[in-house]
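*Asks:* I am attaching a structure below and will ask some questions about it afterwards.
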Amino acid sequence: MADLVSPAGAAGPAGIAGTGNAGTGNAGTGNAGTAGGAVAAGTAVTGSTAVDLDVLEEIQRRVLWLAVRMVDAANHERTTGDGVKVGGHQASSASLVTAMTALWFAHLSADDRVSVKPHASPAFHAIQYLLGNLDRQYLTRLRARGGLQAYPSRTKDPDDVDFSTGSVGLGAVAPLFAAVARRYVDAHFGDRPRSRFIALLGDAELDEGNVWEAVFDPVTEGLGNVMWVVDFNRQSLDRVVPGVRIEHWKGQFEAAGWHVAEVKYGRRLQATFAEPAGDALRAWINDMPNEHYQSLFGLAGQELRERFLDGAPAGVDQAIAGVPDTELAALVTDLGGHDLASMLAAYAACDEERDRPSVVFAYTVKGWGLPIAGNPRNHSALLLPKQIDEMRSGLGLTGQSEWDRFDASTAAGILCNQRREALRREPRSPALPITVPPSTGTPGSRPVSTQETFGRSLVSLSRDENLAPYLVMSAPDVATSTNLAGFINRVGVFAPAQRRSWRDDPVLRWAEGPKGQHIELGISEMNLFLLLGQLGLAWDLSGQPLLPVGTVYDPFVCRGLDAFIYSAYSGSRFLIAGTPSGITLAPEGGAHQSTITPSIGLELPNVTFLEPAYAQAVDWLVCDALGRIAAGPAETTTAVPAENGAYYLRLTTRPLDQAPFAAARARIGEALLRRQVLAGAYRLVDASALAAEGAPQIHLAASGAVLPEVLTAAAELAEEGVAAHVVDVTSLDRLHTAWQRTLRNGIRTATTPSIPGAVRAAFPDPAPLVTVHDAASHAMAWLGSALGVPCVPLGVDQFGQSGSVPELYDLNDLLPGSIVNAALAALSLG
Ligand SMILES: Cc1ncc(C[n+]2csc(CCOP(=O)(O)OP(=O)(O)O)c2C)c(N)n1
Ligand SMILES: [Mg+2]
């Protein structure tokens, strides 16, 4: 089994790792598997508590049963009528039951937080049920509407999920970033009770690049409260993982400064290794290729013996000569990840590591304890009804008792009750006791870009002593190029300990210390969104609400997109500025010009997309977003849809003349204009006077940097006798949400939907529409449908290239002349 090979003589840290002879020697487990020890259970000492391994064993068998049966019931006892298989993962759950039983029933305390690999969600819910934290009705509602989610979900599961998982690799690193957030919270707000941040991950999750981006970022260094447990079953979805990868992975963790432990052999194998010819046996198993080892599963008797000895050197046969055929399978597949005492010992050893993260490679069997154990095609395999019946009766359960919890008077029942009480948590609030002002008062009248205004607003907010303590900023090596230097100069850069500054740079003071409020990351947009996600959940996971703000080059939102989605799905709240954006970033060319990001912002649930053009609008929107995050979750009412998620600002570096905005403010009045900007759109130019003279009307709607061209086009149209109203769309998303709400309402109540107020206020006249956007033309095109008018959408539907703004706008029909022609086309369609 190649992946079981450790370097000869490499006694692992704290005696857990090694070549199979380290085993559980440090477990303090009495007879539980020390070299030469008997294969008997005993007690394991975890921290200060002694746990009866027999009771844990009984519990883990029941966890396995419930997890398996839950999937079975979902697939065989529910009629969905849709022809789509329900699915579920019995083998992946089985692989982790030992690690999970050891954690929840003997290791965790109430302050700890755990991420469970997606495909072990049935085991997680089984544990919550046995603890008494989940109602019985849910056991038959896995993957059902309103039931248990297929993969652990913070926002959708009825029990207390700490970290959502599903997209492999993301849930794995989430606790690492939660620990980063905790380190920040402790440094700024005083130490919280210590939490251990634990991830249970599948071994194939280590193939995901984001795992290594997180492990290698200096921001995650030295986190002694982190432990990862790798479910090392050597299988992924499709196959037995080829090659010898364990040394590679261990080396990578060690290079990043992690403590690496292995839990490799079970007690039976260890005992046999200590007998005559045991060394040959160990060497043979160590050297056996994964594929050969995995092929042993499912075999028995003579067939198994022959397969096991196929190619073995002399001596190995003697090592197992005394093992009866009936016991051989249990012996050769006896891995440490299914040994409760060994797992507890590994956890305890990791606890000793206070200044570096730990990873435990737990050697496991995918499908452990099931007839599908170790089968390379077992990922989605389901036990047959007959096999379920056998498993049920093997556990002494009946059709009547199969879903029962342990009787409260039994040792297992008593432990379940004790653990429920020990793990009980107090509810926490995401709200901050602060008021965010409606505006920072910064915006002036000179031409300025939205990116620059954003930086200035943050500097102003950092002077507000009520809210400044809660502001925390992060960027993946683009802080200075996204205008955060001023903020950094004021608040400093976060580092766990004070660092000496080697340069005295008056323009950028990179002062690093525990009170800094900017968390600098290496270039990993995945890390950015994962960190923002965890900072936004610090109210729950660290008992301290924060106001997290991040910046990223807008095109690279796509690079971090899955982590962005992950954080939004987890219910996290933060503000992210994508800047600069679009072909307005003209000289930078196609590799740096974003075109599809507005659609992402618009379409992502739990994310509100904002794209202002003028400084005052940027400032209002930033203050409003932070105010909403600080206030905590809001109720959705019929009038106001609640925004209980993140905010995404799309900004640019193009300086815009602020005079048109000032004119609109003078016309509309500040209070009403602010309301309209926040609602998603306002009329920047009102051509009603011309319309009153009988001129045909048109709406020119635009977001962001292209507004100067639109204003010029409107003026040209006026000269040609067309009344062109210009609408600055500050949040396409809020307009879209309002539109969808009224539409859906109409559909559900079979009534004619009305045009929502926010849309109607900005587009009061029934005129044809031209939309203009430095982004894919389709993102705004729906406005035509919303208004029920002909619409000509202009935008960028090809990759960009280097040039000047006018050159690139010309190439994409965004210059005033094209906008005028588009308006005439729209009029002709009307
Ligand atoms: C990002 C992503 N890609 C693909 C999948 C589909 N998928 C689900 S589980 C899995 C294999 C996981 O193997 P491993 O992590 O070793 O877990 P095991 O089931 O063996 O415990 C794959 C490819 C996914 N969930 N997420
Ligand atoms: Mg695996």
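*Asks:* Top to bottom by accessible area (1.4 Å), largest first, where do SER804, SER393, SER572 land? Display every interim value, and only then the final one.
*Replies:* Numbers: SER804 45, SER393 80, SER572 0 Å².
Greatest to least solvent exposure: SER393, SER804, SER572.
*Asks:* Once the dipole of the stretch 88-212 is set up with Lys and Arg at +1 and Asp and Glu at -1 on Cβ about the Cα centre, which of PHE105, SER153, ALA91 lies farthest towards its positive end?
*Replies:* It is SER153, whose Cα lies furthest towards the positive end.
*Asks:* Multiplying the sequence separation of ARG490 and LYS156 by 0.36 nm and subtracting their Cα-Cα distance, what value in nm do you get?
*Replies:* Taking 0.36 nm per residue and subtracting the Cα distance, the gain is 116.2 nm.
*Asks:* For the stretch 784-830, compute Rh as the Kirkwood radius over C-alpha pairs and then the Stokes-Einstein diffusion coefficient at 10 °C and 1.306 mPa s; write the answer in µm²/s, rounded to an integer.
*Replies:* Reported coefficient: 134 µm²/s.
*Asks:* Lys/Arg Cβ at +1, Asp/Glu Cβ at -1, dipole of the stretch 724-830 taken about the Cα centre: which of LEU815, ILE747, VAL759 is farthest positive-ward?
*Replies:* ILE747
*Asks:* Please report, for the Cα atoms of the stretch 608-762, the Rg to one decimal and the Dmax as a whole number; what are they, in angstrom?
*Replies:* Cα radius of gyration and Dmax of the stretch 608-762 are 16.6, 51 Å respectively.
*Asks:* Please work out the C-alpha center-to-center distance from the stretch 164-220 to the stretch 315-331 and express it in whole Å.
*Replies:* 43
*Asks:* By accessible area of protein heavy atoms, probe 1.4 Å, what ranking do MET227, MET526 get, highest first?
*Replies:* The ordering from most to least exposed comes out as MET526, MET227.
*Asks:* Follow-up. For a Förster distance of 45 Å, can you work out the FRET efficiency between the beta-carbons of ARG425 and GLN318, rounded to the nearest 0.05?
*Replies:* Calculated transfer efficiency: 0.25.
*Asks:* Listed highest first by mean packing, meaning other Cβ atoms within 10 Å per residue, what order do 81-93, 425-437 come in?
*Replies:* The packing order, highest mean first, is 81-93, 425-437.
*Asks:* How long is the stretch 328-412 along each principal axis, judged by its Cα atoms, biggest number first, in Å?
*Replies:* Extents along the principal axes, in whole Å: 50, 40, 27.
*Asks:* Right, something else. Loop only by DSSP, 11 or fewer other Cβ within 10 Å of the Cβ. Give me the chymotrypsin sites (Phe, Trp or Tyr not before Pro) in the stretch 440-546 that pass, ordered by residue number.
*Replies:* For chymotrypsin sites (Phe, Trp or Tyr not before Pro) across the stretch 440-546 that sit outside H, G, I, E and B with at most 11 neighbouring Cβ atoms in 10 Å, the list reads TRP502.
*Asks:* Same structure, new question: Grab the chain and count how many Lys pairs have their alpha-carbon atoms under 25 Å apart, sequence gap of 8 or more, or different chains.
*Replies:* 12
*Asks:* Then there is this: Pop out the ³J(HN,Hα) list for the stretch 367-381 in order, Karplus 6.51 cos²θ - 1.76 cosθ + 1.60 with θ = phi - 60°, rounded to Hz; leave Gly and Pro as x.
*Replies:* Per-residue couplings from phi come out as x, 3, x, 10, x, 9, 3, x, 5, x, 10, 8, 3, 10, 5 Hz.
*Asks:* Kindly sort THR482, THR752 by accessible area of their heavy atoms, largest first, with the probe set to 1.4 Å.
*Replies:* THR752, THR482
*Asks:* Something else about it: Where nothing but the Cβ of Lys and Arg (+1) and of Asp and Glu (-1) is charged, how large is the charge dipole of the stretch 668-806 around its Cα centre, in debye to the nearest 20?
*Replies:* For the stretch 668-806, the charge dipole is close to 880 debye.
*Asks:* Assuming a ≥ b ≥ c are the square roots of the Cα gyration tensor eigenvalues, decide whether the stretch 643-732 counts as rounded (a/c under 1.5), prolate (otherwise, with a/b larger than b/c) or oblate.
*Replies:* Here the stretch 643-732 falls in the prolate category.
*Asks:* Return one whole number: the accessible area per residue of the stretch 35-169 in Å², for a 1.4 Å probe.
*Replies:* Solvent-accessible surface per residue comes out at 33 Å².
*Asks:* May I ask what percent, to the nearest 5, of DSSP beta bridges between residues of the chain are antiparallel? Let's see the in-between values first.
*Replies:* Working: 12 of 72 bridges.
Approximately 15 percent, going by the DSSP bridge assignments.
*Asks:* Now a separate question. Could you give me D for the stretch 119-222, from Stokes-Einstein at 37 °C and 0.692 mPa s, where the hydrodynamic radius is the Kirkwood radius over C-alpha pairs? Units µm² s⁻¹, please. Mind showing how you got there, number by number?
*Replies:* Working: Rh = 15.3 Å.
The diffusion coefficient I find is 214 µm²/s.
*Asks:* Just read off the accessible area of HIS292 with the full protein assembly in place, 1.4 Å probe, to the nearest 10 Å².
*Replies:* That residue has around 40 Å² of solvent-accessible surface.
*Asks:* Report the accessible area of SER802, computed with a 1.4 Å probe over the heavy atoms of all protein chains in place, in Å² rounded to the nearest 10.
*Replies:* Accessible area of SER802: about 80 Å².
*Asks:* Leaving out ligands, DNA and RNA, and with a 1.4 Å probe, what % of the accessible surface on the chain is carbon or sulfur? Display every interim value, and only then the final one.
*Replies:* Values: 15870 of 30640 Å².
The nonpolar share, carbon plus sulfur, comes to 52 percent.
*Asks:* Based on the mean of other beta carbon atoms within 10 Å per residue, what is the order of 349-355, 733-739, most packed first?
*Replies:* Averaged packing, sorted descending, gives the order 733-739, 349-355.
*Asks:* Could you pull the Rg and Dmax for the chain, using just the Cα atoms, both in Å?
*Replies:* 30.8, 106
*Asks:* Are there GluC sites (Glu not before Pro) in the stretch 273-335 that DSSP marks as loop and that have at most 14 other Cβ atoms within 10 Å, and which are they?
*Replies:* none
*Asks:* Rounded to the nearest 0.05, what FRET efficiency do SER109 and LYS515 have when you use their Cβ-Cβ distance and R0 = 22 Å?
*Replies:* 0.15
*Asks:* Run the dipole for the chain about the Cα centre, Lys and Arg Cβ at +1, Asp and Glu Cβ at -1, nothing else charged, and hand back the magnitude in debye, nearest 20.
*Replies:* Values: 64 positive and 87 negative charges, 346 e Å.
For this selection, approximately 1660 debye.
*Asks:* Further question on the same structure: As I understand it, the dipole of the chain uses +1 on the Cβ of Lys and Arg and -1 on the Cβ of Asp and Glu, about the Cα centre. Which of TYR265, GLY578, LEU142 lies farthest toward its positive end?
*Replies:* The one lying farthest along the dipole's positive direction is LEU142.
*Asks:* So, one more: Express in nm, to one decimal, how much length is gained between GLU306 and SER804 on full extension, taking 0.36 nm for each residue of separation and deducting their alpha carbon distance.
*Replies:* Using 0.36 nm per residue and subtracting the Cα-Cα distance, I get 171.9 nm.
*Asks:* With a point put 7 Å past each Cα toward its Cβ, work out how far ASP464 is from ARG78 in nm, to one decimal.
*Replies:* Result for the modelled spin labels: 4.5 nm.
*Asks:* Residue separation times 0.36 nm, minus the C-alpha to C-alpha distance between SER828 and ARG499: what's the value?
*Replies:* Working it through step by step, the gained length comes to 111.8 nm.
The values are calculated or read from the model by the stated rules, or taken from the named source; none is laboratory data. These figures come from a predicted structure and were not determined experimentally. Methodologically, a virtual Cβ is constructed for each residue, glycine included, from the backbone with ideal geometry; neighbour enumeration extends over all protein chains shown. In case anyone asks, the SASA skips ligands and DNA or RNA and just uses the protein heavy atoms, side chains included. Shrake-Rupley method; radii C 1.70, N 1.55, O 1.52, S 1.80 Å.
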